[in-house]
Amino acid sequence: MANPQMVMYDEEFRQINTVLEKLLRESHSKVIFLVDKNGQLISGVGDTEKFDTTSLASLTAGNIAATGGLAKLIGEKEFSILFHEGEKDNLHISIVAGRVILVVIFDSRSSLGLVRLRVKKTSDELTGIFEGLLKKAEEREKQGTSDFPFAEITDDDIDNLFS
Amino acid sequence: MSFINYASREINCKIVYYGPGLCGKTTNLQHVYQKTAPEAKGKMISLATETERTLFFDFLPLALGEIRGFKTRFHLYTVPGQVFYDASRKLILKGVDGVVFVADSQEERFDANIESIENLRFNLQEQGYDLDQLPFVIQYNKRDLPNVMTVDELRRELNPTGVPEFEACAATGEGVFETLKAIAKLILIDLKKGK
């Protein structure tokens, strides 16, 4: 298959949230999301309940995919940072570890310079966590100790979803 | 690729509706949206032109329920069917877990169907997928129209490998959920096999 399966465990999930919370505080931003390149929300901190997070994740991934396509057309590998400026709120989108997308929403209490600076530091930390996560998932698969929840599902389980 | 989150006990899968322009991909999603309970669905997003032709994609998130304590979510996407949007179609196929090919049953769209299914196979290959290895179902849409080809004729050209196939009229909703259930089931079976 094209990509290894994305898996998230409790331990890494907590680590990621700690890093995101720190970024939220230090960059004075409103809300921060982490999104898989395929459009699935991984985590969010801050005023997340004010946003339709599922739609936001899908559109962000679409945006990154489209600009990635543009980048290839002009001979770039990717555009790793996107910035959208609004009247009140701004959107800072960056690619982390080559496969996840960090979305920071901020207003006039912060600034683009501050967000860029803090995001850079956070990206390094997140890259470390995701590399560890990938390794862990691979090791578990090799050892066959994967606690994969779907290995033992029955046809009845699947049929019940549609009843 | 599906995303398994052990922390929030969720599993997310991506279904893409593919097919020639005006075959009814968006109509399929609109029907699913209209007939799904509010708690099971998110907002439907359509990135369309002013004439309501899909420009980039439609998106509909669905929560099907739990399996073994894991919330099962499906993200439904359509591609823009018009030939010249090929670059966008490729992007939407990234990370796909299952494909629904919506065929337009009308005689005059037969060549468009063939071109689109070949385009699907080619675009998947570019991403490292093999259509024959992927959960895949075919829907013969617009069965209510007068100038349709027989299912036998369509099957011969579009479904030589005999994947699950459904007759539908997406505008009235006939066959829409049968198609969705079939692809969701194939994806879950595939996940089960994968580990």
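Annotation: A:GLN40 fulfils all but one of (1) free of Cβ contacts under 8 Å to residues at least 12 places away in the same chain; (2) within 16 Å of A:MET6 (Cβ to Cβ); the unmet one is (1).
Each row is one residue, and each column tells you yes or no for (1) among the polar types (S, T, N, Q); (2) within 26 Å of A:THR154 (Cβ to Cβ); (3) touching a residue at least 40 places away in the same chain (Cβ under 8 Å).
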residue: B:ARG155; (1), (2), (3): no, no, no
residue: B:GLY162; (1), (2), (3): no, yes, no
residue: B:ALA170; (1), (2), (3): no, no, yes
residue: B:VAL176; (1), (2), (3): no, no, yes
residue: B:ILE187; (1), (2), (3): no, yes, yes
residue: B:ASP190; (1), (2), (3): no, yes, yes
residue: B:LYS193; (1), (2), (3): no, yes, no
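Screening region A:1-97 for strands (runs of 3 or more DSSP E) wholly inside it with 2 or more residues that are surrounded by 19 or more Cβ atoms within 10 Å (Cβ to Cβ) and more than 8 Å from chain B (Cβ to nearest Cβ) returns the ranges A:31-36, A:41-46, A:90-96. Screening B:LYS14 on (1) in a loop (DSSP other than H, G, I, E, B); (2) in contact with a Phe, Trp or Tyr (Cβ under 9 Å, 6 or more places away or on another chain) shows it passes everything except condition (1).
Would you confirm, using the coordinates I've provided, whether B:THR27 is in a helix (DSSP H, G or I) and either of a type outside the set (Gly, Ala, Ser) or within 23 Å of A:ASP52 (Cα to Cα) (or both)?
yes
Away from chain A (no Cβ under 13 Å), among the β-branched types (Val, Ile, Thr) and within 14 Å of the chain's Cα centre (by Cα) - does that describe any residue in region B:143-161? The answer is no, given that none of the residues of region B:143-161 is away from chain A (no Cβ under 13 Å), among the β-branched types (Val, Ile, Thr) and within 14 Å of the chain's Cα centre (by Cα). Checking B:LEU64, B:LEU76, B:LEU91 one by one, the residue that is within 12 Å of the chain's Cα centre (by Cα), on the phi < 0 side of the Ramachandran plot and either of a type in the set (Lys, Arg) or crowded, with 18+ Cβ neighbours inside 10 Å (or both) is B:LEU76 and no other.
Okay, residues lined up against (1) open to solvent by less than 20 Å² (accessible area, probe 1.4 Å); (2) within 14 Å of chain A (Cβ to nearest Cβ); (3) modelled with pLDDT of 95 or more; (4) within 22 Å of B:GLU153 (Cβ to Cβ):
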{"site": "B:GLY98", "(1), (2), (3), (4)": "yes, yes, yes, no"}
{"site": "B:GLN106", "(1), (2), (3), (4)": "no, no, yes, yes"}
{"site": "B:ARG121", "(1), (2), (3), (4)": "no, no, yes, yes"}
{"site": "B:PHE136", "(1), (2), (3), (4)": "yes, no, yes, yes"}
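Residue-wise test of (1) outside any helix (DSSP H, G or I); (2) under 28 Å from A:LEU70 (Cα atoms).
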position	(1), (2)
B:VAL32	no, no
B:GLU50	yes, yes
B:PHE56	yes, yes
B:ARG89	no, yes
B:ILE92	no, yes
B:VAL96	yes, yes
B:VAL99	yes, yes
B:ARG109	no, no
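Got a sec? Which of B:ILE183, B:ILE189 is in contact with a Pro (Cβ under 7 Å, 6 or more places away or on another chain) and surrounded by 15 or more Cβ atoms within 10 Å (Cβ to Cβ)? Steps first, answer last, please.
Numbers: B:ILE189 fails: in contact with a Pro (Cβ under 7 Å, 6 or more places away or on another chain).
Testing whether each residue is in contact with a Pro (Cβ under 7 Å, 6 or more places away or on another chain) and surrounded by 15 or more Cβ atoms within 10 Å (Cβ to Cβ) leaves just B:ILE183.
Residues of region A:125-140 that are within 14 Å of A:THR18 (Cα to Cα) and of a type in the set (D, E, K, R): A:GLU125 alone.
The values are calculated or read from the model by the stated rules, or taken from the named source; none is laboratory data. Owing to the predicted nature of the structure, the values given are computational and were not obtained by experimental measurement. Note that each Cβ is placed from the backbone with ideal geometry, even for glycine, and that neighbours are counted across all protein chains shown. Accessible surface areas use protein heavy atoms only, side chains included; no ligands, DNA or RNA. Shrake-Rupley method; radii C 1.70, N 1.55, O 1.52, S 1.80 Å.
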